[in-house]
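Q: Pasting a structure here, questions to come.
The values are calculated or read from the model by the stated rules, or taken from the named source; none is laboratory data. Since the model is a prediction, treat every value here as computed from it, not as a measurement. FYI the Cβ positions are ideal-geometry reconstructions off the backbone, even for glycines, and counts take in every protein chain you see. These accessible areas exclude ligands, DNA and RNA; they are computed on the full protein's heavy atoms, side chains included. Shrake-Rupley method; radii C 1.70, N 1.55, O 1.52, S 1.80 Å.
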Amino acid sequence: MRKIFVALCFLGLLAVVLSDNAERGLCPNNCSSHGTCSGVTCTCNNGYVGIDCSIPSKNVTAGDTESQRLPDHTWAYYVLNVPAGSASVDFKLHQTSNGDCDLFVKYGSYPTRISYDKYDISRDADFDIEFEAPNSGLYYAGVYGFYSCQFQLKFEVQSGQSCPGNCNGHGTCNAGKCVCNSPYQGDDCSQSTITATVDQVYTASVAEENWVWFKFDAKADPSVNRVLATQFVVNQTSSGDCDMYISFGKEPSLWDFDYRDASFRADFSITIGEPKVGEYYIGIYGYEPTSFNFKIHQLAPTCPNQCSLHGTCRSNVCSCDANFVGSECETMTTVLPYDKAQKGFAGDNNWNYYHITPSTSDNIVVEIVQTSPDADCDLYIRAGSAPTRFDFDLRDISYDANFNVTIENPQLQTWYIGVYGYFGCAYNITVAVERSSCPNACSRHGTCSKAGRCDCDAGFAGDDCGSPLFHLSNGIPRQTNITLNQWQYYKFEVPSVPSSLTVEVAEFNSTGLLWVYVNQGAPPTLSDFDYIDSSHESHFHTIYFKTHGDSEDVNFYIGVYGSPYVPVGANNAVDYGVIAYSPPI
């Protein structure tokens, strides 16, 4: 697939223009001379669709081949009636000129570039979209001229009652639908859930963007009356790359999981220090095709998580030091004192928790010094409640051995600190009041004020001036990429008259990995913003609102953030495009 900016520039701007016309009491484009105008609504003649009746639409039948030339950023639609009981329907596009045609197909209604069932936006001259065991009724195919192109589109319908993939030999076909044999599942019986037992090695392969599933029934060991610490181990046996996701009680997904390892290591594991009693579901996801061995191993009875170095182990049970509680002595009950190092240990996927209650508006610096080799602690901070890997106000998830996070203007509230063991680590944690310190010394892109805040140089933004700040021109897109926990900032000036602002961000090769923020007057942060789109179900992110003109600051700042769902590593940068549009009203 090509890397393109598919942020709905044309459709988004068209919608705004049409809205302007509607407020003036006019039909869009006077219905393009292909319909009649009633108030502000077009009633299109047969053969045309769209809010301005500008898009041709033609009914076709199986076996037809249609040819047409499309100018830049225009559509042609075709409607195909698929009979009940059909085995498949195939839309085959052949491009007969230079340019770039894209194909979108949807059952039951006209597709758009954000609403479709299947699509192909590659630069290939020949491609097709196929539906196996399709629904009966109307399928709508839309050809979009990304660049002016000429094409032929053929429509094929195969009769019969075949099933997707012929059920892959793991089920029977009944009226076009697979009835899968145990333990297989899915529309084509290609997925199986293997019940795994301790220390049994399972050999498997996983295709790109596919899953292999395991299930593990975690039971309490009678000698300690709890589930033993459990390791889930993957050893890749070929080139490629797979990731591991684990959830308790349900199958995980790329967006919903309890534990994850999405690194590029060939051999990796996830350790759960104190598992729950019940079923764990393990999904091995093929980032690239690969083969692997999978094993579950339980550690000998001992105290979990080394009692977090906050207690002693007695008969495999933690006896916590004063001021610490929890089965792993992981939570400090008293306020973490200033300027005094507190030791701790956070095993793989385990947490230690602390809290502070500042009585100052001066900056608070929380520092971690890791004291064990080949380890990796992450730091999460949240106001009012304990942080998680997905709910936090501040964090540092770098691989640095020593690092700190600054809480600016903490005010009179409780801040909760979570130390997370990405790879099990021993550490010292210290909190200190720094009346003149600034985060990361303003990254050498700003000056530190007496209040401990960074005044960023032109072209930079963020709490530590570490993120570049770009200017967006009206309706002109920009393209770049971003990694985990990284910001990219943009400044946009709206008209000094009543208007609106539309911000659209499109992920090119991913879905739902980016969060988009808009703030008036200053760059947004994870906790300070006016508008947000953090949907993980679409590769398009849209924010729209009206502005009021002279009575407000006309400068708006857009922040694009690499969310916690972005895989770790510089090679996993997310490619995207951003556009902002603000017309006079």
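Q: Quote the FRET efficiency, to the nearest 0.05, computed for residue 46 versus residue 411 with a Förster distance R0 of 56 Å and r equal to the Cβ-Cβ distance.
A: Using R0 = 56 Å, I get an efficiency of 0.30.
Q: Could you let me know the centre-to-centre spacing of the stretch 201-218 and the stretch 338-416, using Cα atoms, in angstrom?
A: 35
Q: Under the rule a/c < 1.5 gives rounded, and otherwise a/b versus b/c splits prolate from oblate, where does the stretch 281-428 land using the Cα gyration tensor?
A: It is oblate, given that a/c is not under 1.5 and a/b is not larger than b/c.
Q: Say the dipole of the chain comes from +1 at the beta carbon of Lys and Arg and -1 at that of Asp and Glu; which of 236, 43, 282 then lies farthest toward its positive end?
A: So the residue furthest toward the plus end is 43.
Q: Would you list, by chain and number, the lysines whose Cα falls below 28 Å from the Cα of residue 491, excluding same-chain residues fewer than 8 positions away?
A: Qualifying lysines at Cα under 28 Å: 3, 450, 546.
Q: Probe 1.4 Å, all protein chains in place: accessible area of residue 209 in Å², nearest 10?
A: About 130 Å², rounded to the nearest 10.
Q: Still on this structure, please answer the following. Please label the shape of the stretch 398-467 as rounded, prolate or oblate, based on the square roots a ≥ b ≥ c of the eigenvalues of the alpha-carbon gyration tensor (a/c under 1.5 means rounded; beyond that, a/b larger than b/c means prolate, else oblate).
A: Oblate is the answer for the stretch 398-467, as a/c is 1.5 or above yet b/c matches or exceeds a/b.
Q: Hey, what do the phi angles of the stretch 82-98 turn into as Karplus ³J(HN,Hα) couplings, whole Hz, using 6.51/-1.76/1.60 and θ = phi - 60°, x for Gly and Pro?
A: Whole-Hz 3J(HN,Hα) from phi for the stretch 82-98: 9, x, 5, x, 5, 7, 6, 9, 10, 10, 10, 10, 10, 8, 10, 8, 5.
Q: Length gain on complete extension for the stretch residue 201 to residue 386, per 0.36 nm per residue less the alpha carbon to alpha carbon distance? Don't jump to the answer; show the numbers that get you there.
A: Numbers: separation 185, 0.36 × 185 = 66.60 nm, distance 3.76 nm.
Roughly 62.8 nm would be gained on extension.
Q: Between residue 209 and residue 177, what FRET efficiency comes out of the Förster formula 1/(1 + (r/R0)^6) with R0 = 22 Å and r the beta carbon distance, rounded to 0.05? Walk me through the intermediate numbers first.
A: Details: r = 23 Å, r/R0 = 1.04.
Efficiency computed from Cβ-Cβ geometry: 0.45.
Q: Over all distinct alpha-carbon pairs, what is the Kirkwood Rh of the stretch 36-124 in angstrom?
A: By the Kirkwood definition, the hydrodynamic radius is 15.0 Å.
Q: Between residue 446 and residues 5 or more places away or on another chain, which pairs have amide H atoms under 5 Å apart, with H built 1.01 Å from N, and which residues are they?
A: The answer is 457.
Q: For a quick check: with amide H placed at 1.01 Å from N, whose amide H comes under 5 Å from residue 74's, ignoring anything fewer than 5 positions away on the same chain?
A: Under 5 Å from the amide H of residue 74 lie the amide H atoms of 145, each far enough along the sequence or on another chain.
Q: Would you mind calculating the gained length between residue 315 and residue 81 on full extension (0.36 nm times residue separation, minus the Cα-Cα distance), in nm to one decimal?
A: Contour length minus Cα-Cα distance gives 77.1 nm.
Q: How long is the gain from residue 575 to residue 478 if the chain were fully straight, where each residue apart is worth 0.36 nm and the alpha carbon distance is subtracted?
A: The residue 575-residue 478 span can extend by a further 33.8 nm.
Q: Indicate the gyration tensor shape class of the chain (rounded, prolate or oblate), computed on the Cα atoms with a ≥ b ≥ c the square roots of the eigenvalues: a/c under 1.5 is rounded; otherwise a/b larger than b/c is prolate and the rest oblate.
A: Details: a/c = 2.76, a/b = 1.31, b/c = 2.10.
Oblate, because a/c is 1.5 or more while a/b does not exceed b/c.
Q: Same structure, new question: Just to confirm a number: summing +1 for Lys and Arg and -1 for Asp and Glu over residues other than residue 264 whose beta-carbon lies under 12 angstrom from that of residue 264, what do you get?
A: -4
Q: Here is a follow-up. Please compute the modelled spin-label separation between residue 401 and residue 231, points set 7 Å along Cα→Cβ, answer in nm with one decimal.
A: A separation of 2.4 nm, rounded to one decimal place.
Q: Determine by what factor the alpha-carbon radius of gyration of the stretch 340-424 differs from 2.2 N^0.38 Å, reporting the quotient.
A: Scaled against compact globular proteins, the figure is 1.05.
Q: On a 1.4 Å probe surface of the protein chains, which of 75, 351 comes out largest in accessible area, and what is the full order? Each step should come with its number before you reach the end.
A: Details: 75 15, 351 45 Å².
Reading off the accessible areas and sorting them downward yields 351, 75.
Q: Could you derive backbone 3J(HN,Hα) for the stretch 405-422 from the dihedral phi with the Karplus parameters 6.51, -1.76 and 1.60 (θ = phi - 60°), listing whole Hz in sequence and x where the residue is Gly or Pro?
A: Values, residue by residue: 10, 9, 8, 7, 6, x, 6, 8, 8, 8, 10, 9, 10, x, 9, 10, x, 5 Hz.
Q: Based on the Cβ-Cβ distance of residue 150 and residue 267, what FRET efficiency does E = 1/(1 + (r/R0)^6) give at R0 = 45 Å, to the nearest 0.05?
A: E between residue 150 and residue 267, to the nearest 0.05, is 0.30.
Q: Skipping prolines and chain starts, which residues have an amide H placed within reach, meaning under 5 Å, of the one on residue 470, given they are 5 or more residues away or on another chain?
A: 489, 490, 491
Q: Compute the label zone of residue 64 within the stretch 117-157: residues whose backbone N is under 14 Å from the point 7 Å along Cα-to-Cβ.
A: Residues 138-143, 153-157 fall inside that zone.
Q: Residue-wise, which Karplus ³J(HN,Hα) couplings in Hz belong to the stretch 390-397, taking 6.51 cos²θ - 1.76 cosθ + 1.60, θ = phi - 60°, and x for glycine or proline?
A: 10, 10, 6, 9, 9, 7, 9, 10
Q: May I pose another question? Which of the pairs 177/295; 58/154; 118/250; 219/250 have their Cα atoms more than 23 Å apart in this structure?
A: Pairs exceeding 23 Å: 177/295; 118/250.
Q: In degrees, nearest 10, range 0 to 90: what is the angle between the Cα axis of helix 9-23 and the longest Cα principal axis of the chain?
A: 70
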